[in-house]
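Since the structure comes first, as structure tokens, the remarks are kept for the end.
What follows draws every value from the coordinates through simple rules; no lab data is involved. What you are looking at is a predicted structure, and each value in this text was computed from that prediction instead of being measured. With ideal geometry, Cβ positions are generated from the backbone for all residues, glycine too; neighbour counts draw on all protein chains shown.
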Amino acid sequence: MKIGTVSSETGLGIHTIRYYEKQGLIQKPVKDISGHRAYAHKDVEVLNWISCMKNSGMSLNKIKQYTNAFYSDDKQACIELLQEHLAHLAVQQQNIEHYVEVTKNKINRFKNA
């Protein structure tokens, strides 16, 4: 599929997709007869997962490690990277829950003052 279709399916801009390609986060797509990039459905899946990991705070370096392991079918490395990220997310979640409580308490103080 062409890059415009991939962009529509992932919500990522064309320049972002090309940037991820240049950074080695996704494999270089094959070129069609006219020389345009021809992406596979697997690339869309990986790009969607890259967005998820990036939006949840994973660094591009860690994402690259994950996608390299994914494309190499290194399931153990994928599991380890995802477990590490999950632990990081759990800490973030605890911190956010704390900040929510502190903010609620502050609001209540203003209301009761």
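Can you tell which of 43, 74, 32 shows the greatest fluctuation in a Gaussian network model of the chain with Cα springs below 10 Å?
Most flexible of the set in this elastic network: 32.
Return the sequence-ordered ³J(HN,Hα) values of the stretch 49-64 in whole Hz as given by the Karplus equation 6.51 cos²θ - 1.76 cosθ + 1.60 applied to θ = phi - 60°, using x for Gly and Pro.
With the stated coefficients, the stretch 49-64 comes to 5, 4, 4, 4, 5, 5, 5, 9, x, 6, 6, 4, 4, 5, 4, 4 Hz.
Which distance in nm do the two modelled labels at residue 111 and residue 55 give, with both placed 7 Å along the Cα-to-Cβ direction?
3.1
Taking residue 2 as the anchor, which lysines have their alpha carbon closer than 22 Å to its alpha carbon, excluding any fewer than eight residues away along the same chain?
Answer for residue 2, where 22 Å is the Cα cut-off: 22, 28, 31, 42, listed by chain and number.
With all distinct Cα pairs included, what does the Kirkwood hydrodynamic radius of the chain come out to in Å, to one decimal, could you say?
That comes to 16.3 Å for the chain.
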